[in-house]
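S.K.: If you scroll down you'll find the structure; I have some questions about it.
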Amino acid sequence: MACTSCSTSDGGAPKGCKNNGTCGTDSCNKLTVFDWLSNMSLPNGDAPFDCVEVRFKNGRKEFYRNTEKLTLSMGDIVATVASPGHDIGIVTLTGELVKIQMKKKGANYLGTEIPKIYRKASQKDIDIWSTARDKEEPMKVRARELAIAQKLEMKISDIEFQGDGSKATFYYTANDRIDFRALIKDFAKEFSTRIEMKQVGFRQEAARLGGIGSCGRELCCSTWLTDFRSVNTSAARYQQLSLNPQKLAGQCGKLKCCLNYELDTYMDALKDFPDFETKLVTEKGDAICQKQDIFKGLMWFAYTNNFANWHVLKIDQVKEIVAENKLKNKVTSLEDYAIELIVEPEKNFNNAMGQESLTRFDQPKAKKKPNKKRKPASENAIVANNNKPENNNRTTSNIRQTPAEKKPAEPRKPIIITKNVDKK
């Protein structure tokens, strides 16, 4: 559920608190329960439930008893019991819903082993807590360098400081058992604090760190998933998925938890299907199953002597042939039962104007040949005329002159025409 700051605005668009899970009401964080009883008052004479839920780093939550009768609400920063010293956390849930959450997680709210809350955190407590949180990231880098120097096959995934800064918890992942006694000595010498090592699984590490899955959404384990169920490759086989480790594995390196989400639906649909190893006996030969479509109720069969041609049958037709084979009767052929599938025309993408293509950038562009520099037409004509054999004997006066070298034209003389007249 979202906090009150994340509600929609007047226009219907979400406003968003823009605090990235650290808002004051704390209801934007991982696995936070919306307190739908917050506006209800208790009956007269009934005391509120004295346990509260407190959140620490990376969504870690614990239950504490409010023995001091403090007035607590969601978002309050409190100091709680720790060993040794005290820890600082944020209250995420109060009231009767805490009792329901404790029952769900198997915590006994009537027992005496529930730790208690000391007080509301003072400004000094918050300053020490913030200073300790700022040390975690550079300390993690240095801790990894020390682990690599000792050649230990382990990965320091995260560090969590206690609220009073007296202890640091190192979370690590490893495939085998690790002897880190010498490493703890190096950590204590390097960081001058109490060290505690906790091994977590690869899925727990992904849940703590978070991330974006291949579906484009945040990881289920870091947002809403509360338990990690075992995932087998049989879940992928039932869903007819290719057994490709790169596609079936999540960021933790294990099989994706979402393979179990639709498994029950596939199992229910497969109840009406004949066995995949079913063999049909016909007069043309035996046929075995090659493929099946669970939701359309279709099965593809091929003769053992001709695997290239597949015949599509409905599951009712397959059951009918199997019933005949049980009576030791052979059907004529699969062609008598096969159905024809109508192939839908392929839809090609076009934009509104029909001018774009999705594959227009796939073809490599042809390289352009360098253009040869062409001389002007007048110069080409001059060179051609000078190369003619009859023009080779011309004097230099025939060479084209520039306008500056041209001589002024002489005036033309008048032409006088005379006629000879014979005298008689």
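The values are calculated or read from the model by the stated rules, or taken from the named source; none is laboratory data. Predicted model only: the values in this text are computed from it and were never measured. Cβ coordinates were reconstructed from backbone atoms using ideal geometry, including for glycine residues, and neighbour counts include every protein chain displayed. Remember, those area values only see protein heavy atoms, side chains included, never the ligands or the DNA or RNA. Shrake-Rupley method; radii C 1.70, N 1.55, O 1.52, S 1.80 Å.
S.K.: Against the conditions (1) under 26 Å from Leu225 (Cβ atoms); (2) open to solvent by less than 40 Å² (accessible area, probe 1.4 Å); (3) modelled with pLDDT of 85 or more, where does Ala82 fall short? Just the number, please.
M.R.: Every condition holds for Ala82 apart from (1).
S.K.: I need the full set of residues from the stretch 106-144 which are in contact (Cβ under 8 Å) with a residue 60 or more places away in the chain and open to solvent by 100 Å² or more (accessible area, probe 1.4 Å), in order please.
M.R.: none
S.K.: Would you mind finding the one in Tyr303, Tyr266 that is in contact with a Gly (Cβ under 8 Å, 6 or more places away or on another chain), in contact (Cβ under 8 Å) with a residue 12 or more places away in the chain and among the hydroxyl-bearing types (Ser, Thr, Tyr)? Lay out the reasoning, then the answer.
M.R.: Values: Tyr266 fails: in contact with a Gly (Cβ under 8 Å, 6 or more places away or on another chain).
Testing whether each residue is in contact with a Gly (Cβ under 8 Å, 6 or more places away or on another chain), in contact (Cβ under 8 Å) with a residue 12 or more places away in the chain and among the hydroxyl-bearing types (Ser, Thr, Tyr) leaves just Tyr303.
S.K.: Quick check on my filter: what residues within the stretch 208-259 are surrounded by 12 or more Cβ atoms within 10 Å (Cβ to Cβ), part of a loop (DSSP other than H, G, I, E, B) and not small (Gly, Ala, Ser)?
M.R.: Leu219, Thr223, Leu225, Phe228, Val231, Asn232, Gln239, Leu241, Gln251, Cys252, Lys254, Lys256
S.K.: Under 9 Å between Cβ atoms, which residue pairs at least 6 apart in sequence (or on different chains) link something in the stretch 316-330 that is within 25 Å of Leu270 (Cα to Cα) with a partner that is part of a loop (DSSP other than H, G, I, E, B) and of a type in the set (A, V, I, L, M, F, W, C)?
M.R.: Within 9 Å, the pairs are Gln317/Ala338; Val318/Phe273.
S.K.: Something else about it: So if I check each of Ser234, Ser242, which one is more than 29 Å from Ala338 (Cα to Cα) and more than 19 Å from the chain's Cα centre (by Cα)? Walk me through how you get there before you give the answer.
M.R.: On the way: Ser242 fails: more than 29 Å from Ala338 (Cα to Cα).
The conditions single out Ser234.
S.K.: Please give the strands (runs of 3 or more DSSP E) falling wholly within the stretch 267-332 in which 1 or more residues are open to solvent by 90 Å² or more (accessible area, probe 1.4 Å) and closer than 25 Å to Ser234 by Cβ. Outline the logic, then answer.
M.R.: On the way: elements: 279-282, 285-293, 298-303, 306-314.
Of the strands (runs of 3 or more DSSP E) lying wholly inside the stretch 267-332, those with at least 1 residues that are open to solvent by 90 Å² or more (accessible area, probe 1.4 Å) and closer than 25 Å to Ser234 by Cβ span 279-282, 285-293.
S.K.: Open to solvent by 50 Å² or more (accessible area, probe 1.4 Å) and within 24 Å of Cys220 (Cα to Cα), is that true of Lys103? Even if it seems obvious, please write down each step before you answer.
M.R.: Values: open to solvent by 50 Å² or more (accessible area, probe 1.4 Å): yes; within 24 Å of Cys220 (Cα to Cα): yes.
Yes; evaluated as a whole, the condition is true for this residue.
S.K.: When you scan the stretch 96-103, do you find a residue that is among the hydrophobic types (A, V, I, L, M, F, W, C) and part of a loop (DSSP other than H, G, I, E, B), even just one?
M.R.: At the first step, the residues of the stretch 96-103 found to be among the hydrophobic types (A, V, I, L, M, F, W, C) are 97-98, 100, 102.
The next check asks that each one be part of a loop (DSSP other than H, G, I, E, B); those that pass are none.
So far as the stretch 96-103 goes, no, none of its residues is among the hydrophobic types (A, V, I, L, M, F, W, C) and part of a loop (DSSP other than H, G, I, E, B).
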